[in-house]
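Data first, discussion second: the structure below is written as structure tokens.
The values are calculated or read from the model by the stated rules, or taken from the named source; none is laboratory data. Not measured: the values here are computed from a predicted model. Methodologically, a virtual Cβ is constructed for each residue, glycine included, from the backbone with ideal geometry; neighbour enumeration extends over all protein chains shown.
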Amino acid sequence: MVELHEGPVTESILKIVLEYAEKHNARTVNKVSVVIGKMTGYEESPIRFYWEALSSGTVAEGAELEVIYTPISVKCQSCGEVYEPEDQYSLFCPNCGFYGGEIKSGKELFVDSIEID
Ligand SMILES: [Zn+2]
């Protein structure tokens, strides 16, 4: 079953943006940059879809949404090699073949910057 998590996630992003805008008495929000780790599995296009729908009628309406993906970074627990797997299902160390390892990045999701007027 496919679940769309992008709706609630985009709602949280918008909430942060609107709180920031209110705090700084913004007339309009120009640009929002969001950092998303590849491991979260969140897709850019539904986030954009929800962003446009949810921000409509708010000060964030029409704001440019920049989505920055960070790669998955894994540190091998056997040989210490740090590598970037294609996805979370192929965690084989390219150096020694060890499966698994410690995930250093790729799970993050946060609002990086907000530009207002
Ligand atoms: Zn290794």
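Quick look at the numbers
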quantity	calculated
Any hit, region 96-107, residues being surrounded by 13 or more Cβ atoms within 10 Å (Cβ to Cβ), of a type in the set (Ser, Thr, Tyr) and at pLDDT below 95	yes
Every pair of residues 6+ apart whose Cβ atoms lie under 8 Å, when the first sits in region 86-108 and is closer than 13 Å to Lys75 by Cα while the second is small (Gly, Ala, Ser) and not in a loop (DSSP other than H, G, I, E, B)	Ile103/Ser73; Lys104/Ser73; Ser105/Gly37; Ser105/Ser73; Gly106/Gly37; Gly106/Ser73
Selection status of Gly37, closer than 17 Å to Thr10 by Cα, surrounded by 13 or more Cβ atoms within 10 Å (Cβ to Cβ) and not acidic (Asp, Glu)	yes
Matching entry among Glu52, Glu86 (being surrounded by 13 or more Cβ atoms within 10 Å (Cβ to Cβ) and among the acidic types (Asp, Glu))	Glu52
